[in-house]
């Protein structure tokens, strides 16, 4: 019985969700992007990358090769030293400070350390992303249970983050990233703190979200995940793109 | 409107869920306000002491017993014409001799020798009070003109000159001291409050960055802290003022023994409640708001 309800909720959400995603071929475009933190410390060097709508791209590479810098450029936490970054047709290279919140409501981001607000419950953490966007009570009351059911955490909505396991916390973070029906979901080492079983759960949820039509950028150094996915793999080495394969494997 | 409501809700939620931290902050604010209030008590007391000492000082002008009433009246109106003069009390010859007899009624020798004299040897006197102790010098020197030499027999100038000087130095020094102490306290209060707020914001830096990453505007991140600063200011103001009033209730009986007046301090703090509480509240609010804005600026750059 519960399963049926889940399926119905899921289908409704998928319909509502996919209908809202604009048709746009190139979701993320990086043209000749270089990022230097100091004169000598070059994090990214002349990166050219295009991610199409609905793609599931894994970005792999060793620690310190510039993967996290790439994520920071996508959510405008850092600005490129050179080159151009376009998200869904919006040039964010020189984005104004006051437009950054708008950008972040269109890109879902999840991190290795979950980044949940410790003083808020699961429900409040997810609702917060809607509240800051000025959404109405009624919408919040309908959207939050929907996204929580996608990640299977409806029954824990009154728990605080410290009362949850790592996998559950990451699922809350995913639910929170979905509330604005993002066109892009950027996952920066989402399974870095998780065991194999939880890792698989998170990856399955990401796949499910990708089926809705959301573009997924998965940054990881987990060999098993990448090899199982059999999707596009971009390998970064020392700040440059080392390889870009449509059905790739983890190299290096 | 909706966002304002949410900012208030978040603020109250934050204050309650970080209860121990909120209590600590209010506690520090209360301590600072209490020390400011005790400084104010010191000021009120020194002012009062100064006033009551100054009230006891006066200059007495002794007229020659041959001076006629026209001349006396002229001097009187001349002295009264000074703006510094607060009051002039005149005692006629009869009054003076009566007072003299009263003062020496235990000494029959003096009274007997007074009786031996055929006429009243004492002249009329005039007691002058001025606004400031330093003004006496002016009054006294203005009476040292040749026309008045025959009319005025003596001035209690030489006796009081030193006392007046001393009181002047004491009061100016006390004023300078309390002013310096107030300045020092203000600086200390400023640093303690701004550092408390900085620590508070520092403990919240992760939350601030998360809120920004989720797409909150700066207003949404800062708003709750500003509302919390307002709540802290109100709470600390109310607590410190009530504590001060309770403490003064215990202190006043001892003070009234010294000055012979009831409830000096309590009355002062109740009479000036709007001024004191208002200024302290605005100062604390300004300090907490400014320091939280400054402390947050760094963490908002995400």
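Numbers below:
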quantity	calculated
Residue match in the range B:109-125 (condition: in a strand (DSSP E or B), free of Cβ contacts under 8 Å to residues at least 60 places away in the same chain and exposed (fewer than 12 other Cβ atoms within 10 Å of the Cβ))	no
Among the residues listed as B:231, B:243, B:248, the single one being out of contact with any strand residue (DSSP E or B) (no Cβ under 6 Å at 6 or more places or on another chain), assigned by TED's automatic domain parsing to the domain that holds residue B:44, over 25 Å from residue B:12 (Cβ atoms) and part of a helix (DSSP H, G or I)	B:248
Within the range B:133-147, tally of residues that are assigned to a helix (DSSP H, G or I) and touching a residue at least 12 places away in the same chain (Cβ under 8 Å)	9
Single residue of B:279, B:257 found to be loosely packed, with under 14 Cβ neighbours inside 10 Å and at pLDDT 90 or above	B:279
Test: residue in the range B:55-62 that is in a helix (DSSP H, G or I) and either out of contact with any helix residue (DSSP H, G or I) (no Cβ under 8 Å at 6 or more places or on another chain) or more than 14 Å from chain A (Cβ to nearest Cβ) (or both)	yes
Lone unmet requirement of (1) under 17 Å from residue A:178 (Cβ atoms); (2) under 17 Å from the mean Cα position of the chain (by Cα); (3) within 13 Å of chain B (Cβ to nearest Cβ) for residue A:77	(1)
Strands (runs of 3 or more DSSP E) contained entirely in the range A:195-252, each with at least 3 residues that are surrounded by fewer than 18 Cβ atoms within 10 Å (Cβ to Cβ)	A:240-245
Hey, residue B:72 more than 14 Å from chain A (Cβ to nearest Cβ), surrounded by 18 or more Cβ atoms within 10 Å (Cβ to Cβ), out of contact with any helix residue (DSSP H, G or I) (no Cβ under 6 Å at 6 or more places or on another chain) and not in a helix (DSSP H, G or I) or not	no
In the range A:80-115, the residues that are on the phi > 0 side of the Ramachandran plot and away from chain B (no Cβ under 14 Å)	A:83, A:88, A:89
Residue satisfying condition, being loosely packed, with under 12 Cβ neighbours inside 10 Å, farther than 30 Å from residue B:283 by Cα, modelled with pLDDT under 80 and over 34 Å from the mean Cα position of the chain (by Cα), within set B:152, B:145	B:145
Tally of residues being outside any loop (DSSP other than H, G, I, E, B), in contact with a helix residue (DSSP H, G or I) (Cβ under 9 Å, 6 or more places away or on another chain) and away from every other protein chain (no Cβ under 14 Å) across the range A:142-154	7
Hey, residue A:183 at pLDDT below 95, within 10 Å of another protein chain (Cβ to nearest Cβ), in contact with a strand residue (DSSP E or B) (Cβ under 9 Å, 6 or more places away or on another chain) and surrounded by fewer than 23 Cβ atoms within 10 Å (Cβ to Cβ) or not	no
Residue in the range B:202-214 that is touching a strand residue (DSSP E or B) at 6+ places or on another chain (Cβ under 9 Å) and either within 14 Å of another protein chain (Cβ to nearest Cβ) or free of Cβ contacts under 8 Å to residues at least 24 places away in the same chain (or both) present	yes
Identity of the residue in the range A:93-107, without any contact (Cβ under 8 Å) to a residue 12 or more places away in the chain and over 23 Å from residue A:173 (Cα atoms), that ends up surrounded by the most Cβ atoms within 10 Å (Cβ to Cβ)	A:97
Among (1) under 15 Å from the mean Cα position of the chain (by Cα); (2) over 17 Å from residue A:214 (Cα atoms); (3) surrounded by 22 or more Cβ atoms within 10 Å (Cβ to Cβ) - the single one residue A:122 does not satisfy	(1)
From the options A:69, A:34, A:29, residue that is touching a strand residue (DSSP E or B) at 6+ places or on another chain (Cβ under 8 Å), more than 13 Å from chain B (Cβ to nearest Cβ) and over 27 Å from residue A:203 (Cβ atoms)	A:34
Enumerated strands (runs of 3 or more DSSP E) restricted to the range A:23-85, each holding at least 1 residues that are over 30 Å from residue A:211 (Cβ atoms) and in contact (Cβ under 8 Å) with a residue 12 or more places away in the chain	A:26-36, A:42-52
Residues being touching a residue at least 40 places away in the same chain (Cβ under 8 Å) and not in a helix (DSSP H, G or I) - total across the range A:120-138	2
Residue match in the range B:3-20 (condition: within 36 Å of the chain's Cα centre (by Cα), in a helix (DSSP H, G or I) and at negative phi)	no
Tally of residues being surrounded by fewer than 21 Cβ atoms within 10 Å (Cβ to Cβ), closer than 16 Å to residue A:186 by Cα and in contact with a strand residue (DSSP E or B) (Cβ under 7 Å, 6 or more places away or on another chain) across the range A:72-86	2
Hits in the range A:155-169 (condition: within 18 Å of the chain's Cα centre (by Cα) and either away from chain B (no Cβ under 14 Å) or assigned to a loop (DSSP other than H, G, I, E, B) (or both))	A:166, A:167, A:168
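The values are calculated or read from the model by the stated rules, or taken from the named source; none is laboratory data. What you see is a predicted model, and the numbers here were worked out from it, not measured in a lab. As a convention, Cβ positions derive from the backbone with ideal geometry for all residues, glycine included, and neighbour counts pool all protein chains shown.
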